[in-house]
Each structure stands twice: as structure tokens, then as C-alpha cells.
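The values are calculated or read from the model by the stated rules, or taken from the named source; none is laboratory data. Since we're looking at a predicted model, the values are computed, not measured. Cβ atoms come from the backbone with ideal geometry, glycine included; neighbour counts cover every protein chain shown.
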Amino acid sequence: MRRRHFLTFSATAVGGLLVFTLDRQPLRVHAQSDRKIRVPLRFFDEREALLVSAAVARIFPSDATGPGAMEGGVVIYIDRQLAGPYGRDRYRYTQPPFEEGIPEQGYQGKATPREVYREGLVLLGQDFDRLTPAAQDARLRNMETTYFFRLLRQHTIEGMFCDPMHGGNADMIGWQLIGYPGPQMSWSDHIDQHYGKPFRPKPRSLNEVVGHQVKPGEEAE
């Protein structure tokens, strides 16, 4: 039986409230306490999660424009996806022959996403999270042409802007960053109230919109 692994975050490092000042500058507001949050991992062990977390933080870093993959909890999104049906290629045709196709056909290889990440973690190296940012960037540039890097970059973007029920986009900070209001069902009331005026509603997740918990696809089996 697999031993249970957890990833420990600081409450001030993940999630929190993202607000915009009058001059449209992003500002993060955190709770005053620096309490620790232990998130159970489903695929990675803690060491692997730290490596992936460091890598996605360089692909989508925090900067003057707002928070990045670390604050968005992207590594949790990736962990959930790899642990579910997607990670074992439940929905992809995986029988031979395995030929290199044209880019429009997508990935045609034999390895599942889980196997791609296992191989990619070797490329990152066990010391990746302890390197300087410049050294991390250099190592990532050396693997830019690999399928692992392309998949990691894709998952970073997905995890930053997905619905929070999938594990990423903590406190909807990704949606707040780009001004996406979430899956609203109708805008008719808002049009009447805000016609001709700027309007930036607080994002709402699918669970909030429908009024009950929605089971994400990665937990369907």
C-alpha cells in the first residue's frame, strides 16, 4: 500500500485575496497568521511535488503584474490530473504503431502522462528546487524541446486558470488576474445595472454558480 504523502504550504504563499487598486495595480491580501496547510498528494510524493512546484513557478512566476503558479497551487492541479484517468491515458488510443505524427495530430507516443512526468523529473534533477532562479531557467531551457516540458507548460497554464474544483487556481487568483468572472449563466441583470459603466465582478466558481458541489472529471472513476 502506498504511503500517504502531503505537501505543506504556508497560508501566506498559496491562495489569499487578490485585489486591484484604483490605478489597476494588483495587490495580494493575506491572513495575518502564517499557519501551515497540509495538502494530501495523490500521485507525487513530497519530494517530487517540490520539484514540480519549483519548475512551474519559473514557467509562470510571480511578478509585478500579480501572483504566479506557486500561489495558484498549480502543482496540486497537476497531481490530481496525473492521479486520475487522464494520467493513465484512459481516453487516448494507446495501441501501436507509435509513429511521429504531424503537430496537428498531437502526441503520438507510447508513454502515459504519468510516465512522461516520471521521466521528466529525472531531467529536472533532485536539486532543482534548491538551484538559483537563473540556474533553474537554464535547466528548463535545455529541455524546452522535450515533450515533458511542453506538457508541463500546458499543465501550468491549465492549473493557473482552471476552475478551482480541479485543485489549481487557488481562491480564483488566476481568474482575478485576467478579469475572468467564471462560468456565469446569464448577464441580463448585470447589463441592466451596469449599462455603459465599467464592471468587474468577483469571479465565481462552477460550484458557486450552480449552488452545489460538482464532481470533477478526474474523480469520475
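Of note:
- Residue, nearest to the chain's Cα centre (by Cα), within the range 119-145, restricted to residues that are surrounded by fewer than 10 Cβ atoms within 10 Å (Cβ to Cβ) and not in a helix (DSSP H, G or I): 144
- Filtered residue count, the range 188-221, keeping only those that are surrounded by fewer than 13 Cβ atoms within 10 Å (Cβ to Cβ) and of a type in the set (Ser, Thr, Tyr): 2
- Taking the listed residues 185, 172, the one that is of a type outside the set (D, E, K, R), out of contact with any Phe, Trp or Tyr (no Cβ under 6 Å at 6 or more places or on another chain) and surrounded by 14 or more Cβ atoms within 10 Å (Cβ to Cβ) is 172, with no other qualifying.
- Filter pass, residue 28 being on the phi > 0 side of the Ramachandran plot, surrounded by fewer than 20 Cβ atoms within 10 Å (Cβ to Cβ) and either at pLDDT below 55 or of a type in the set (Phe, Trp, Tyr) (or both): no
- Restricting attention to the range 49-90, the residues that are more than 20 Å from residue 169 (Cβ to Cβ) and either modelled with pLDDT of 95 or more or not acidic (Asp, Glu) (or both) total 6.
- Residue tally, condition over 19 Å from residue 159 (Cβ atoms), not polar (S, T, N, Q) and not in a loop (DSSP other than H, G, I, E, B), over the range 172-214: 8
- Any hit, the range 69-90, residues being surrounded by 14 or more Cβ atoms within 10 Å (Cβ to Cβ), touching a Phe, Trp or Tyr at 6+ places or on another chain (Cβ under 7 Å) and not in a helix (DSSP H, G or I): no
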